[in-house]
Amino acid sequence: MGVLTKKVKGAEDILPADSYKWQFVEDVMKKEAESYGFKEIRTPVFEHTMLFNRSVGETTDVVQKEMYTFDTKGGESITLRPEGTAGAARAYLEHALYNNGLPVKAYYLLTCYRYEKAQAGRQREFHQFGMETYGAADAKADAEMICAASSIFERLGVKNIDLEINSIGCKNCRKDYTAALKNYFESHKSELCPTCLSRLDRNPMRILDCKNESCKNIAKDAPTVLGYICGDCREHFEKVKTFLDVADVEYKVNPTIVRGLDYYTKTVFEFVTDCIGAQSTVCGGGRYDGLIEELGGQPTPSLGFAMGIERLLMVLDAQGIEIPKPQTCDLYIASLGEEAEKKAFKFIKELRNASLAAEGDIVGRGLRAQMKYADKINAKFSMVIGDDDISANRASVKNMATGEKFEVPLDDGFFKEFIENYLENYQKSVSISI
RNA sequence: GUGGGUAUAGCUUAGUUGGUUAAAGCGCCAGUUUGUGGCACUGGAGACCGUCGGUUCGAAUCCGACUAUCCACCCCA
């Protein structure tokens with residue numbers, strides 16, 4: 001297969017046979033976000049490279065080795081977004097959204113780009129759903145954010161997904177903690193893996209996240225953040241937990257959760273599962289009180305999360321959760337004979353004008369094959385028009401699920417009879433619900 | 001960036017110690033006598049067996065390289 005018919009590594013096609021699954025989960029997400037008072041924000045796929053350097057963090061892996069960065073003909077450095085928070089924060093500042101009153105609540109559904117080695121649950125182009133709140137310092141905002149993520153899983157029927165939370169403190173207490181950690185790991189330097197050795201200077205908190213057995217062993221007895229965070233941060237964290245309890249959201253405190261993007265402060269959380277392979281984090285987020293200020297705005301306590309849609313779909317698949325297939329065709333009209341073909345074509349057009357989904361033969365098949373096609377596309381009703389029917393001014397409509405047949409007139413009375421007597425009853429009997 | 005696995009029709013796979021025109025199921029198309037789908041039956045299309053090279057009288061099968069893909073490390077959603 002040549003390069004012309006080969007997709008780029010790490011990219012995926014979402015095919016017609018599967019797109020309904022995406023539409024379904026996206027719809028659940030949108031509805032959920034909107035019920036929490038969030039409105040959609042859409043930002044460009046690319047931003048100035050500096051925006052990500054500044055917000056995601058110069059020392060992070062994402063910025064250092066995973067960004068799709070290029071120079072434009074005008075000499076600007078542009079980067080395809082590796083995540084959604086930076087662009088949303090930029091738009092918040094650029095358009096002074098705070099002037100509409102705080103808090104500002106926004107959600108997004110977008111593609112992200114990271115140049116990583118593709119594997120299960122990790123692609124170079126992937127989709128995220130995310131929610132962001134700006135200008136809310138209270139722990140209730142944290143709890144609300146976590147509730148929103150949690151209820152999306154709940155509505156989709158996801159089981160065995162664990163919420164893990166932690167607090168990594170504010171800028172001040174993190175300084176003390178980082179120093180204590182560094183001190184601790186210095187004394188175990190010889191037992192650390194090479195990667196962790198390099199982390200020791202840059203960002204010792206990441207050592208806690210290492211999967212290497214020896215490092216894990218040392219990390220086990222390392223001082224925990226929770227022992228170092230200041231009074232305010234501690235109080236904030238306690239309040240988050242209290243409100244999660246009030247909302248009946250189950251969680252586990254995991255002191256080793258360290259998010260990989262620099263902007264996080266205080267509350268951090270992840271939803272993890274063991275059913276989709278090594279990339280087990282389906283949703284991650286937290287508070288980023290310093291971000292807006294870092295980008296040049298007024299100090300604005302903010303928070304958010306992002307959910308990987310591919311990973312979420314993998315979870316649904318692994319847990320055997322079936323997404324209802326939409327029944328898209330209301331009426332398939334099969335036709336036999338020249339006059340009948342014209343009549344069918346006209347009817348189909350009129351049904352579509354009335355916003356119904358109608359189809360007919362467009363490849364020149366025989367009656368039997370037309371019926372097979374009607375069955376294949378899962379049409380609700382089918383109808384056969386022959387030249388005889390035109391002179392008789394009657395034709396039969398068939399309910400494809402039950403096989404029942406009904407006579408309908410072939411003139412203007414058709415629409416009234418078909419829509420009112422059959423289609424509406426059918427709709428009621430199936431009653432599609434989310 | 002480091003490892004490991006896999007590569008045969010659109011999909012899932014079979015192919016015996018190397019031996020003629022490379023199988024099957026699903027899917028697709030057409031038919032099974034007059035104008036009605038699902039079931040069943042019949043037939044058909046569809047594969048340079050990932051690529052290049054080597055061993056051999058002979059390679060889908062053995063060897064090598066490359067490429068693609070998958071999984072894991074790492075990182076993150």
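So here's what we get for this one:
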read-out: Residue tally, condition surrounded by fewer than 18 Cβ atoms within 10 Å (Cβ to Cβ), away from RNA strand B (no atom under 13 Å from the Cβ), part of a helix (DSSP H, G or I) and not β-branched (Val, Ile, Thr), over segment A:164-213; value: 14
read-out: Number of the condition not met by A:Ala357 [criteria: (1) closer than 12 Å to A:Leu331 by Cβ; (2) surrounded by fewer than 18 Cβ atoms within 10 Å (Cβ to Cβ); (3) near RNA strand B (Cβ under 8 Å from one of its atoms)]; value: (3)
read-out: Given (1) closer than 23 Å to A:Glu132 by Cβ; (2) surrounded by fewer than 21 Cβ atoms within 10 Å (Cβ to Cβ), index of the condition A:Ser302 fails; value: (2)
read-out: Verdict on A:Pro324 being within 29 Å of A:Thr133 (Cβ to Cβ) and assigned to a loop (DSSP other than H, G, I, E, B); value: no
read-out: Helices (runs of 4 or more DSSP H) (entirely within segment A:223-319) containing at least 3 residues that are hydroxyl-bearing (Ser, Thr, Tyr) and assigned by TED's automatic domain parsing to the domain that holds A:Glu132; value: none
read-out: Test set (1) surrounded by 21 or more Cβ atoms within 10 Å (Cβ to Cβ); (2) under 17 Å from the mean Cα position of the chain (by Cα); (3) at pLDDT below 95 - A:Asp317 fails condition number; value: (1)
read-out: Selection status of A:Ile229, crowded, with 19+ Cβ neighbours inside 10 Å, of a type in the set (A, V, I, L, M) and closer than 22 Å to A:Met205 by Cα; value: yes
read-out: Which listed residue is out of contact with any strand residue (DSSP E or B) (no Cβ under 9 Å at 6 or more places or on another chain) and under 18 Å from A:Val282 (Cβ atoms), from A:Gln119, A:Gln64; value: A:Gln119
read-out: Restricting segment A:298-339 to residues that are of a type in the set (Gly, Ala, Ser) and closer than 25 Å to A:Phe414 by Cβ, the residue that is farthest from RNA strand B (Cβ to nearest atom); value: A:Ser335
read-out: Answer residue from segment A:106-156, given it is assigned to a helix (DSSP H, G or I), surrounded by 18 or more Cβ atoms within 10 Å (Cβ to Cβ) and of a type in the set (D, E, K, R) and is farthest from RNA strand B (Cβ to nearest atom) among those; value: A:Glu144
read-out: Scope segment A:240-262; condition modelled with pLDDT of 95 or more and surrounded by 16 or more Cβ atoms within 10 Å (Cβ to Cβ); matching residues; value: A:Val240, A:Lys241, A:Phe243, A:Leu244, A:Val249, A:Tyr251
read-out: Segment A:272-284 - residue that is within 21 Å of A:Met131 (Cα to Cα) and more than 7 Å from RNA strand B (Cβ to nearest atom) and, of those, surrounded by the fewest Cβ atoms within 10 Å (Cβ to Cβ); value: A:Val272
read-out: Criterion: in contact (Cβ under 8 Å) with a residue 24 or more places away in the chain and either of a type in the set (A, V, I, L, M, F, W, C) or surrounded by fewer than 16 Cβ atoms within 10 Å (Cβ to Cβ) (or both) - qualifying residue of A:Val3, A:Val25, A:Val63; value: A:Val25
read-out: Restricting segment A:263-287 to residues that are at pLDDT 95 or above and of a type in the set (Phe, Trp, Tyr), the residue that is nearest to A:Met205 (Cα to Cα); value: A:Phe269
read-out: Residue list for segment A:191-232, restricted to those being closer than 19 Å to A:Ile165 by Cβ, among the hydroxyl-bearing types (Ser, Thr, Tyr) and under 34 Å from the mean Cα position of the chain (by Cα); value: A:Thr224
read-out: Looking only at segment A:67-99, and only at residues there that are of a type in the set (Gly, Ala, Ser) and assigned to a loop (DSSP other than H, G, I, E, B), the one that is surrounded by the most Cβ atoms within 10 Å (Cβ to Cβ); value: A:Gly84
read-out: Pairs with Cβ under 8 Å, 6+ apart, first in segment A:86-100 and under 19 Å from A:Glu47 (Cα atoms) and modelled with pLDDT of 95 or more, second surrounded by fewer than 16 Cβ atoms within 10 Å (Cβ to Cβ) and among the hydroxyl-bearing types (Ser, Thr, Tyr); value: none
read-out: Every residue from segment A:392-414 that is assigned to a helix (DSSP H, G or I) and either away from RNA strand B (no atom under 16 Å from the Cβ) or among the basic types (Lys, Arg) (or both); value: A:Gly413
read-out: A:Ile218 among the hydrophobic types (A, V, I, L, M, F, W, C), more than 10 Å from RNA strand B (Cβ to nearest atom) and in a helix (DSSP H, G or I); value: yes
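Matching residues to (1) out of contact with any helix residue (DSSP H, G or I) (no Cβ under 7 Å at 6 or more places or on another chain); (2) hydrophobic (A, V, I, L, M, F, W, C); (3) closer than 18 Å to A:Ser355 by Cβ; (4) assigned to a loop (DSSP other than H, G, I, E, B):
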position: A:Met371; (1), (2), (3), (4): yes, yes, no, no
position: A:Ile390; (1), (2), (3), (4): no, yes, no, no
position: A:Lys416; (1), (2), (3), (4): yes, no, yes, no
position: A:Glu424; (1), (2), (3), (4): yes, no, yes, no
position: A:Gln427; (1), (2), (3), (4): yes, no, yes, no
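The values are calculated or read from the model by the stated rules, or taken from the named source; none is laboratory data. Since the model is a prediction, treat every value here as computed from it, not as a measurement. Glycine gets a Cβ as well: all are built from the backbone with ideal geometry, and neighbour counts include every protein chain shown.
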